[in-house]
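Okay, structure first, notes after.
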Amino acid sequence: MELDIAWTVKWLQLCAEAMAEHRVELIELDRAIGDSDHGENMDRGFQAVLAKLADGPPETPSAALKLTAMTLMSTVGGAAGPLYGTAFLRAATSLGDAARIDPPAWAAALAAARDGIVARGKAEPGDKTMVDAWTPAVDAARNAADGGNADNLAVLVAAAEAAEAGAVATDPMVARKGRASYLGERSAGHRDPGAVSSALILRAAVEAAA
Ligand code: ADP
Ligand code: MG
Ligand code: MG
């Protein structure tokens, strides 16, 4: 499967589907250590992305991700809006005007997204944020792409699986950034909602190629 504009649009559509499907789960996770709005924020944001895509389909993967960034920034709100906006914008810039994404380009785009999240939110690995999903995803994608003969699907799968494991690994962490940090030690024993939504986004990338 080529990771072209058709794949990118499919990916974003599947992100919207996943956020709608997992809306309540994300709300419940955010209820435990935040303010219960993460599921609504993400669902609203990706529904708006769907509407934008229907208005006029972009020509390149990068243009589609830039459109996504702008839309998420203006509709998601809270902490996650600017963080995801920056992530998609940096990924778009990293891809340039290429018509297709190859494994090294995917690994580089994920790294750019993660670096954008870190630049914006100043979280480190272990702070119990979405960074704990993105960082292992970046490492796994790089490792998978490294040999030079990895296929597209294998790199997407490696990133998604690492993000999912990264989200699970936030359970025992004590939050040091965002609203959950107000709870201090009491944030331990709960999964970070933003790490879960990040894993959903990377899983949707696999499904779009499958
Ligand atoms: P808010 O906390 O403003 O209600 P959301 O509930 O939509 O925003 O998003 C919360 C998620 O944002 C958290 O679960 C966490 O993953 C992420 N987050 C919050 N602050 C930061 C930060 N400084 N760096 C990285 N991610 C963060
Ligand atoms: Mg919240
Ligand atoms: Mg909020």
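Derivation of every value follows stated rules applied to the coordinates shown; laboratory data play no part. Computed from a predicted structure; not experimentally measured. Virtual Cβ from ideal backbone geometry, glycine too; neighbours counted across all protein chains shown.
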| Cβ-based net charge around GLY85, under 12 Å, with every Lys or Arg adding one and every Asp or Glu removing one | +3
| message | Per 0.36 nm of contour for each residue apart, how much would the distance between THR93 and ALA54 grow if the chain were fully extended, relative to their Cα-Cα spacing? | response | 11.8 nm
| message | If the reach is capped at under 22 angstrom between alpha carbons, list the lysines near LYS10, excluding any in the same chain fewer than eight residues apart. | response | LYS52, LYS66
| request: For ARG186 and ARG31, calculate 0.36 nm times their separation in residues minus their Cα-Cα distance, and state this gained length in nm to one decimal. | output: 54.5 nm
| query | Mind checking the angle between helix 38-55 and the chain's longest principal axis? C-alpha axes, 0 to 90 degrees, to the nearest 10. | reply | 20 degrees
| remark: In degrees rounded to 10, the 0-90 angle between helix 103-121 Cα long axis and the longest Cα principal axis of the chain is 30 degrees
| Extension gain (nm, one decimal) between ALA63 and GLU2, 0.36 nm per residue minus Cα-Cα | 20.3 nm
| field | Highest-fluctuation residue, ASP102, ASP146, ASP127 considered, GNM on the chain with Cα pairs under 10 Å | value | ASP146
| request: Can you check what the net charge comes to around ALA205, using other residues whose Cβ is under 15 Å from the Cβ of ALA205 (Lys, Arg +1; Asp, Glu -1)? | output: -4
| Using the Cβ atoms and a cut-off under 10 Å, what net charge is assigned to the surroundings of ILE101, where Lys and Arg are +1 and Asp and Glu are -1? | -2
| said: Ratio of alpha-carbon Rg to the 2.2 N^0.38 Å globular estimate for the range 77-208, to two decimals, please. | reply: 1.03
| request: Tabulate in residue order the Karplus-calculated ³J(HN,Hα) for the range 125-135, using 6.51 cos²θ - 1.76 cosθ + 1.60 with θ = phi - 60°, rounded to whole Hz; enter x for Gly and Pro. | output: x, x, 7, 6, 9, 4, 4, 6, 8, 5, 5
